[in-house]
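K.L.:
The following block contains the structure, expressed as structure tokens.
The values are calculated or read from the model by the stated rules, or taken from the named source; none is laboratory data. For clarity, every value in this text was computed on a predicted model and none was experimentally measured. Methodologically, a virtual Cβ is constructed for each residue, glycine included, from the backbone with ideal geometry; neighbour enumeration extends over all protein chains shown. In case anyone asks, the SASA skips ligands and DNA or RNA and just uses the protein heavy atoms, side chains included. Shrake-Rupley method; radii C 1.70, N 1.55, O 1.52, S 1.80 Å.
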Amino acid sequence: MTPPLLEIDNLRTWFYTDSGVARSVDGVSMRVDAGETLGVVGESGCGKSVTALSILRLIRAPGRIEPGSAIRFEGKDLLTLAEADIRHVRGNRIAMVFQEPMTALNPVFTVGDQIAEVARIHTDMSRKEAAAKAVEMLRLVGIPDPERRATEYPHQLSGGMRQRIVIAMALVMNPALLIADEPTTALDVTIQAQILELLADLTRRLGTSILLITHDLGVVAENCTRVIVMYAGEVVEEATTSDLFRHAHHPYTEGLLGAMPRVGGHAERLATIPGTVPAPTNWPAGCRFRERCEYAWERCEQEHPPLYQIGEGHVSRCHLAVEPERRANRHVPIAAQVGAGAA
Amino acid sequence: MRRYLAGRLLQALGVVVFVTTLTFVLIHLAPGDPIGQALQGPNVTEAVRNEWRAAYGLDRPLPEQYLRWVASAARGQFGYSFSQHRPVRDVLAESLPRTLLLSSIAILFSFGLGIGVGLLQAERPRGARDRWLGRVLLLLYSVPDFWLALMVLILFAYRLPLFPAGGLHDSVTYAYMSPTGQLLDRIKHLVLPVLTLTMLSTASIARYQRSALVAVLRTDWMRTALAKGLSWRQAVRQHAFRNALLPTITLFSLTVPTFAAGAIFVEMVFSWPGMGFNTVHAIAARDYPLVTSGVLVSSVIVVITALLADIAVAAADPRVRLS
């Protein structure tokens, strides 16, 4: 078996804030295989973006990646690389596409210059060759009249166009891995579909693996081969996409699926998960989802669940794996009991 | 763009008219007049003074005097200086280049230094270097300008007599020096006033540049720059710097007028016979033509720099350029 392209092992990224240590990413492990698209889903604040930034070591003070974490990529541990060597990985072997195309581009440089810059950093191309490369990339991402567009500034382009620019920038060096952090969240629905199609098409042609971070299970269903569900700084479930949609195990995943609108579904109200994600400075002991869970019992309070093996390539961080009969015991979660949390 | 420029020019003209009118009225309202100052002796009777006032038109109503002054100034006639006994135009032609020399060197140094220091601070906000430079800047920023000028004078001209205490050049030996010697002598006389002015304005420029940069460092596109593979230093110098320079261009146009005002103290302390020095003496002598014309020239300079700064911002910022 070939080793995975990217392997994150027990990643812990903590932020040392004035109100305590925020354990935003708290022991996350995952792998991305060559050529696959891995989806990472979860609510805001679950640690998915921090995980993405940690891969390229773009975490800034007061954040810190704790010792004992490892991120192996192409045979190297990115966390122990020298500063100059990690820079060689950034934008070159691993590229990123960010959520906000409005603010991800520098307002005072032309988009052509900003794309060409990547080539100038990682190759010894001349200014002219890099500029030609930028135009070629613009054409690749489907921007009409690329020669003219290259001389324009970000504010002259629409949101969808800007996201295409960001994608062009990310693919200049033909990276092995593309980290896309909510690449379509800020865009109109019709543009979302176009951008995702573009990403899928390009990466398939170039053989790029994608780590697709999103809070939208619909996006996962259409684009990913495997899914990781994160909650409160941890992985709570991992499965192939079809497995996850058919046999979700973790109550949190169930909740996410229930909150998804479906075409042809009953016109009932969408289900919601009661309560909110706890504060990362103070994760609850035991199971971190316990207070919002319909099945929680004493064990969930006392024992932090490990990742149980459910099936092949399917793991879940829920005690239901060893006490499946508890699934019959549904009740109103603590977080939804009126006045319960007030005391 | 043409309409914008025309509008701005009209606005600039309005400012100049307003400032000179205000100066004209205020200086005429001040007690005393040039004749009273010039002919003070007990042997001169009030009748003689009045005769002179009539000869210079100072007995006419104020609006008439004002219109006459405007009409002649518009034709380039600035009148005759009562206190210096020569045409105002000659006085200005002599003192304006001196002030321009002094302030342009100081502006060059203080912007170079201020931008550089701000950059050094912002590279590691709240680091040791940032904190120490910040303390020094705050001190310089808070010190009154005349006090700093006097301290510099005492330290480097008196305690440690490294540099001359004032003047443009050595009043006795200058005429006998070789051309190189003359140049060196002039430079020596420039050192202390330039040093004082530079210290005074570097502080505010650096503080401004630092905060502009620090604000820019938190933006998403700085993260994009790092994700591309640039080092922190490259990202700061190539991406953040250009954005943070925009507010500094505006600061430049705001600094020029304060320079004119701050330069008054410095010119006085170091006896530098430039515009500020002249204006102070002209006010004391109630030399109406010299005061009003001096203010007219300074306000034109200020207005032109403001206009140039606006154009420079438009050239540097694509978002302004197109809207």
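Here is a yes/no grid of residues against (1) open to solvent by less than 70 Å² (accessible area, probe 1.4 Å); (2) touching a Pro at 6+ places or on another chain (Cβ under 9 Å); (3) within 27 Å of B:R210 (Cα to Cα):
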| site | (1), (2), (3) |
| --- | --- |
| B:G127 | yes, no, yes |
| B:M151 | yes, no, no |
| B:L162 | no, no, no |
| B:L168 | yes, yes, no |
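K.L.:
Now, a different point. So for region A:152-165 (the condition being surrounded by fewer than 17 Cβ atoms within 10 Å (Cβ to Cβ), more than 12 Å from chain B (Cβ to nearest Cβ) and not small (G, A, S)), does at least one residue qualify?
P.N.:
no
K.L.:
Wholly within region B:37-127, which helices (runs of 4 or more DSSP H) include no fewer than the required count, namely at least 1 residues that are touching a residue at least 24 places away in the same chain (Cβ under 8 Å) and among the β-branched types (V, I, T)?
P.N.:
B:88-123
K.L.:
Being touching a Ser or Thr at 6+ places or on another chain (Cβ under 7 Å) and surrounded by 14 or more Cβ atoms within 10 Å (Cβ to Cβ) narrows it down to one residue among A:A193, A:A221, A:A200; which is it?
P.N.:
On inspection, the qualifying residue turns out to be A:A221.
K.L.:
Return the residue satisfying two criteria in turn: it lies in region A:87-106 and is at pLDDT below 90 and open to solvent by less than 20 Å² (accessible area, probe 1.4 Å), and of such residues it is nearest to the other protein chains (Cβ to nearest Cβ).
P.N.:
Result: A:F98.
K.L.:
I've got another one for you. Is it the case that some residue within region A:204-218 is within 30 Å of A:R93 (Cα to Cα), touching a Gly at 6+ places or on another chain (Cβ under 7 Å) and of a type in the set (S, T, N, Q)?
P.N.:
yes
K.L.:
Test of understanding: among B:S298, B:S293, B:S253, which residue is open to solvent by 30 Å² or more (accessible area, probe 1.4 Å) and polar (S, T, N, Q)?
P.N.:
Of B:S298, B:S293, B:S253, the one residue that is open to solvent by 30 Å² or more (accessible area, probe 1.4 Å) and polar (S, T, N, Q) is B:S298.
K.L.:
Specify which of the listed residues (B:R207, B:R186) is assigned to a helix (DSSP H, G or I), of a type in the set (D, E, K, R) and surrounded by 17 or more Cβ atoms within 10 Å (Cβ to Cβ).
P.N.:
None of the other options fit; the residue is B:R207.
K.L.:
If you don't mind, another one. I need every pair where a residue in region B:232-247 that is within 12 Å of B:S211 (Cα to Cα) has its Cβ under 7 Å from the Cβ of a residue that is open to solvent by 50 Å² or more (accessible area, probe 1.4 Å), sequence separation at least 6 or different chains.
P.N.:
If the second residue must be open to solvent by 50 Å² or more (accessible area, probe 1.4 Å), the pairs left are B:P247/B:Y208.
K.L.:
Within region B:267-309, track down each residue that is modelled with pLDDT of 90 or more, more than 18 Å from B:S83 (Cβ to Cβ) and of a type in the set (A, V, I, L, M).
P.N.:
B:V269
K.L.:
Could you look through region A:119-151, keep only residues that are within 19 Å of A:I195 (Cβ to Cβ) and in contact (Cβ under 8 Å) with a residue 40 or more places away in the chain, and pick out the one that is surrounded by the most Cβ atoms within 10 Å (Cβ to Cβ)?
P.N.:
A:V141
K.L.:
Next question. As an exercise: evaluate B:V214 against (1) part of a helix (DSSP H, G or I); (2) open to solvent by 30 Å² or more (accessible area, probe 1.4 Å); (3) not hydroxyl-bearing (S, T, Y) and give the number of the one condition it does not meet.
P.N.:
That leaves (2) as the condition not met.
K.L.:
Any residue in region B:216-229 that is facing chain A (nearest Cβ under 7 Å) sitting within a Cβ distance under 6 Å of a residue that is open to solvent by 20 Å² or more (accessible area, probe 1.4 Å) and at pLDDT below 90? List the pairs, counting only those 6 or more apart or interchain.
P.N.:
Every condition considered, the pairs that remain are B:D220/A:E100; B:D220/A:T103.
K.L.:
Quick check: is even one residue across region A:167-179 assigned to a helix (DSSP H, G or I) and within 11 Å of chain B (Cβ to nearest Cβ)?
P.N.:
Within region A:167-179, one or more residues are assigned to a helix (DSSP H, G or I) and within 11 Å of chain B (Cβ to nearest Cβ).
K.L.:
Output the residues belonging to region A:181-190 that are open to solvent by 50 Å² or more (accessible area, probe 1.4 Å) and either outside any helix (DSSP H, G or I) or basic (K, R) (or both).
P.N.:
A:T185, A:D188, listed by residue number.
K.L.:
Let me spell it out: the conditions are (1) open to solvent by 30 Å² or more (accessible area, probe 1.4 Å); (2) touching a residue at least 60 places away in the same chain (Cβ under 8 Å), and A:A232 meets all of them except one. Which number is the exception?
P.N.:
Checking A:A232 against (1) open to solvent by 30 Å² or more (accessible area, probe 1.4 Å); (2) touching a residue at least 60 places away in the same chain (Cβ under 8 Å), the one that fails is (1).
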